[in-house]
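Q: So that we are looking at the same thing, I have put the structure below in structure tokens.
Since every read-out is calculated from the coordinates, none of them should be taken as a lab result. As the structure is a computational prediction, the values presented were derived from the model and not from experiment. Positions of Cβ are backbone-derived with ideal geometry, glycine not excepted, and every protein chain shown enters the neighbour counts.
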Amino acid sequence: MNKRLISLTIFFISLFFLNGCGLLNIHNENVYLSSENYDSVTKTFYNSNKDSNKKSSFELISFLLDFIKRPYDTRESEGFTLLDPAKQKDSSNGRQVIWIGHSTLLLTIDGITILTDPVFSLRASPFSSFGPKRVTPPALQIIDLPKIDAIIISHNHYDHLDIKSLKELNKTQPQIRFFVPLGLKNLLIKNGLEFVHELDWWEKATFNGLTFTATPVNHWSSRSLFDRNKTLWSGWMIDWPNYRFYFAGDSGYSNDFIETRNRLGSPDLAAIPIGAYAPRNFMKQSHINPEEAVRVFEDLSAKRAIAIHWGTYKLTTELLSEPPIRLRAEIKRKNIKPSRFVSLKHGQKLNL
Ligand SMILES: [Zn+2]
């Protein structure tokens with residue numbers, strides 16, 4: 001067995017034991033029963049198309065083998081160019097976004113600052129020595145962040161929900177409000193986070209003059225081998241009095257985006273994932289590819305968009321540098337102005 005295979009085997013066996021050690025989320029069914037997206041028989045959530053993105057053992061093993069045999073990717077060892085946000089000009093109108101890496105964005109609109117899916121750890125994994133390792137460091141450290149008003153979290157996968165980062169954020173900035181999809185509040189409360197708002201799809205919460213709405217996306221959840229879909233996943237729409245931001249989190253392509261635009265309106269800015277899509281037959285239901293990301297941009301009728309979920313963790317078999325190349329090609333093919341859907345460098349600041 002090569003080193004990669006040994007690491008992966010240990011990783012998955014460890015997940016099995018983690019579950020046995022009772023580190024799972026506390027499952028409080030009473031909270032979920034009112035949800036239209038919850039099945040009280042299987043005690044799991046499902047997507048708006050009634051599918052649950054389940055994979056057979058054969059499909060899983062076949063993906064793992066494809067991943068082990070993946071083509072050599074120089075970016076896995078070299079990473080990407082990292083820009084220092086402090087060396088770039090702040091926007092003059094008080095509206096800007098910084099890509100910290102993967103799905104973590106620091107967004108400031110009219111004096112309110114939001115952080116999305118904050119992951120600052122070296123690995124997107126429950127373990128410090130195994131699991132997907134960061135190829136590019138976070139563009140800002142937690143200690144260097146400005147005052148954060150709210151954090152939105154899309155779902156519980158380790159590359160989106162990093163408890164270590166959340167605890168550190170909560171310690172340095174205890175005023176932060178956390179917005180999570182249904183079922184995740186227990187995990188956060190258990191880890192000492194106090195101000196947690198838990199929402200079902202289409203539910204709204206207001207804070208500081210902003211409205212937060214959890215929106216459906218096509219995905220799934222899990223933090224161990226036996227908790228698949230026990231908690232919900234979502235996108236987020238945030239409405240300022242004069243600005244609207246949409247965060248897709250993690251998603252396969254579905255009608256959810258058109259429905260989101262119809263119900264909540266078109267966003268001024270949308271954060272849309274473009275990476276982690278190959279092999280396509282395995283990833284299609286869970287992750288859009290760059291061409292589908294452009295379709296999502298069109299479905300939402302977004303004024304502009306920023307690419308997320310690429311260039312930070314090696315999760316799938318496509319080259320880490322491929323997603324923005326395909327994104328640019330698709331934008332060109334569809335005659336969309338390039339500045340309307342951009343992929344930033346790590347740490348790059350975009351004035352809005
Ligand atoms: Zn995910």
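Q: Which order do Glu322, Glu291, Glu59 fall in if you start with the one that has the fewest other Cβ atoms within 10 Å?
A: Arranged by neighbour count, lowest to highest, Glu322, Glu291, Glu59 become Glu59, Glu291, Glu322.
Q: Right, here's the next one. If each residue of separation counts as 0.36 nm, what is the full-extension length gain between Ser62 and Ser321 once their alpha-carbon separation is subtracted?
A: Working: separation 259, 0.36 × 259 = 93.24 nm, distance 2.37 nm.
Result: 90.9 nm gained on full extension.
Q: In nanometres, what is the gap between the two model label sites at Asp51 and Leu225, each 7 Å from Cα along Cα-to-Cβ?
A: Spacing of the two 7 Å Cα→Cβ label points: 2.7 nm.
Q: Label Glu194 and Arg333 with points 7 Å out from Cα along Cα→Cβ: what is the distance between them in nm?
A: 5.2
Q: Next question, about the same structure. Sorting Ser52, Ser254 on the 10 Å Cβ count, fewest up front, what's the list?
A: Ser52, Ser254
Q: Let me understand the chain better: what is its radius of gyration from the alpha carbons, and its Dmax, in angstrom?
A: Cα-based Rg and Dmax for the chain come out at 19.0, 58 Å.
Q: Okay, helix-only estimate at 222 nm for the chain: each DSSP H run of n ≥ 4 adds -39500 (n - 2.57), divide by all residues, round to 500 deg cm²/dmol; what do you get? List each step's numbers first, then the result.
A: Numbers: 10 runs with 90 residues, N = 352.
Taken over the chain, the calculation gives -7000 deg cm²/dmol.
Q: Just to verify a number: FRET efficiency for Ser91 and Asn255, C-beta to C-beta distance, R0 = 30 Å, to 0.05? Let's see the in-between values first.
A: Working: r = 35 Å, r/R0 = 1.15.
With a Förster radius of 30 Å, E is 0.30.
Q: Mind ordering 88-94, 100-106 by average Cβ neighbours within 10 Å, highest first?
A: Final packing ranking: 100-106, 88-94.
Q: Between Lys69 and Lys171, what is the label-to-label distance in nm when each label sits 7 Å out along the Cα-to-Cβ direction?
A: Using points 7 Å along Cα→Cβ, the separation is 4.5 nm.
Q: Is there a pair in Lys89/Lys147; Lys55/Lys190; Lys314/Lys345; Lys147/Lys345; Lys164/Lys185; Lys55/Lys230 whose C-alpha atoms are over 21 Å apart, and which pairs would that be? It would help to have the intermediate numbers written out before the result.
A: Numbers: Lys89/Lys147 18 Å; Lys55/Lys190 30 Å; Lys314/Lys345 17 Å; Lys147/Lys345 23 Å; Lys164/Lys185 16 Å; Lys55/Lys230 16 Å.
With Cα atoms farther than 21 Å apart: Lys55/Lys190; Lys147/Lys345.
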